[in-house]
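**Student:** Can you read through this structure? Questions will come right after.
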Amino acid sequence: EQDQIEGDLRNVFDLACESGIEAIIEAASTHGELSLAEAMPADAGYYARSMWAWLSHRKSFEKALLFHEVSHLRWWRKRNDLPRVEPDLSPEALDGLKIAISELLMREQGRGNVCTVETMFRDGTHYFIAHPDDFVQNVLAHDDDELLTPRTFRRTFEIVFAFNGTEGTLELYAKVPARLKRTLEELFVNIILDDDLGP
């Protein structure tokens, strides 16, 4: 229970800033809550506003975490030569993308056996956020009896595709070798845009 509370408070802390509050308001608008900014306590600081949103608008708060995280990613790679079409957001296409990412990473790096893909739409851009499994990590941690015990777990890491169909642009965020970035772009265009990527 304490770990859960600490995790929740960490999220409140992460959004207790100007960009975090903006992300909460933006996320609320995607759920049709257009008056959330007005409803926020007017005399409260960032921490109080973030906690208020966590307490009373949990769905918007959780989505704002994703907005805020994507906004602060660095080292994007951009292409501006893609077809100007609407992306395929069907469950079949998303399944195809996650399977293709998983197969590529397993073949090339031995990780990514399980992968989840989330989507969101923001400022005219469709985001496809993949969460493949990373390598196994071994850590020492105290168990419930306060004994030092080795624990094994797999974190996920992020691969983000940001596609703007109006402009025909694709931005990719992925901490993988450069040769794999090209392949990831090809997979995305083939599966989500039903097209082939040129040189």
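**Student:** Out of everything in the range 1-31 that is in contact (Cβ under 8 Å) with a residue 40 or more places away in the chain and open to solvent by 60 Å² or more (accessible area, probe 1.4 Å), what residue ends up being farthest from residue 123 (Cα to Cα)?
**Tutor:** If we take residues in the range 1-31 being in contact (Cβ under 8 Å) with a residue 40 or more places away in the chain and open to solvent by 60 Å² or more (accessible area, probe 1.4 Å), then 14 is farthest from residue 123 (Cα to Cα).
**Student:** Can you pull out every residue in the range 93-152 that is farther than 30 Å from residue 27 by Cα, among the small types (Gly, Ala, Ser) and touching a Lys or Arg at 6+ places or on another chain (Cβ under 8 Å)?
**Tutor:** Going residue by residue through the range 93-152, those that are farther than 30 Å from residue 27 by Cα are 103-111, 113, 135-152.
Remaining after also requiring among the small types (Gly, Ala, Ser): 110, 141.
The one that is farther than 30 Å from residue 27 by Cα, among the small types (Gly, Ala, Ser) and touching a Lys or Arg at 6+ places or on another chain (Cβ under 8 Å): 141.
**Student:** Please work out if residue 99 is in contact (Cβ under 8 Å) with a residue 12 or more places away in the chain, under 18 Å from residue 190 (Cβ atoms) and open to solvent by 80 Å² or more (accessible area, probe 1.4 Å).
**Tutor:** yes
**Student:** Taking the condition of being basic (Lys, Arg) and in contact (Cβ under 8 Å) with a residue 24 or more places away in the chain, how many residues in the range 176-199 meet it?
**Tutor:** 1
Listed here are the residues, each with its yes/no results for (1) in contact with a strand residue (DSSP E or B) (Cβ under 9 Å, 6 or more places away or on another chain); (2) surrounded by 16 or more Cβ atoms within 10 Å (Cβ to Cβ); (3) small (Gly, Ala, Ser).
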site: 119; (1), (2), (3): yes, no, no
site: 131; (1), (2), (3): yes, yes, no
site: 147; (1), (2), (3): no, no, no
site: 150; (1), (2), (3): yes, no, no
site: 156; (1), (2), (3): yes, no, no
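**Student:** What tally of residues in the range 16-57 results from selecting those that are under 20 Å from residue 129 (Cβ atoms) and either in a helix (DSSP H, G or I) or in contact with a strand residue (DSSP E or B) (Cβ under 8 Å, 6 or more places away or on another chain) (or both)?
**Tutor:** Of the residues in the range 16-57, 10 are under 20 Å from residue 129 (Cβ atoms) and either in a helix (DSSP H, G or I) or in contact with a strand residue (DSSP E or B) (Cβ under 8 Å, 6 or more places away or on another chain) (or both).
**Student:** Another question, if that's okay. What strands (runs of 3 or more DSSP E) completely inside the range 130-194 contain at least 3 residues that are under 24 Å from residue 88 (Cα atoms)? Working first, answer last.
**Tutor:** Values: elements: 148-156, 159-164, 169-174.
The qualifying strands (runs of 3 or more DSSP E) are 159-164, 169-174.
**Student:** From the list 167, 108, 171, exactly one residue is closer than 28 Å to residue 62 by Cα, among the charged types (D, E, K, R), in contact (Cβ under 8 Å) with a residue 12 or more places away in the chain and open to solvent by 20 Å² or more (accessible area, probe 1.4 Å). Which is it? Write out each step before concluding.
**Tutor:** Details: 167 fails: closer than 28 Å to residue 62 by Cα; 108 fails: closer than 28 Å to residue 62 by Cα.
Being closer than 28 Å to residue 62 by Cα, among the charged types (D, E, K, R), in contact (Cβ under 8 Å) with a residue 12 or more places away in the chain and open to solvent by 20 Å² or more (accessible area, probe 1.4 Å) holds for just one of 167, 108, 171, which is 171.
**Student:** A further question on this structure: Where the second residue is of a type in the set (A, V, I, L, M) and open to solvent by less than 70 Å² (accessible area, probe 1.4 Å) and the first is on the phi < 0 side of the Ramachandran plot and lies in the range 111-125, which pairs have Cβ atoms under 6 Å and are six or more apart or on separate chains?
**Tutor:** 111/105; 115/101; 115/130; 117/94; 117/97; 117/130; 118/129; 125/162
**Student:** Search the range 58-89 for residues being assigned to a loop (DSSP other than H, G, I, E, B) and of a type in the set (D, E, K, R), and hand back the single one that is surrounded by the fewest Cβ atoms within 10 Å (Cβ to Cβ).
**Tutor:** 74
The values are calculated or read from the model by the stated rules, or taken from the named source; none is laboratory data. The shown structure was predicted, so the numbers you read here are calculated from the model rather than taken from an experiment. All Cβ positions, glycine included, derive from the backbone under ideal geometry; neighbour counts span all protein chains shown. Calculation scope for accessible area: heavy atoms of the full protein, side chains included, ligands and nucleic acids excluded. Shrake-Rupley method; radii C 1.70, N 1.55, O 1.52, S 1.80 Å.
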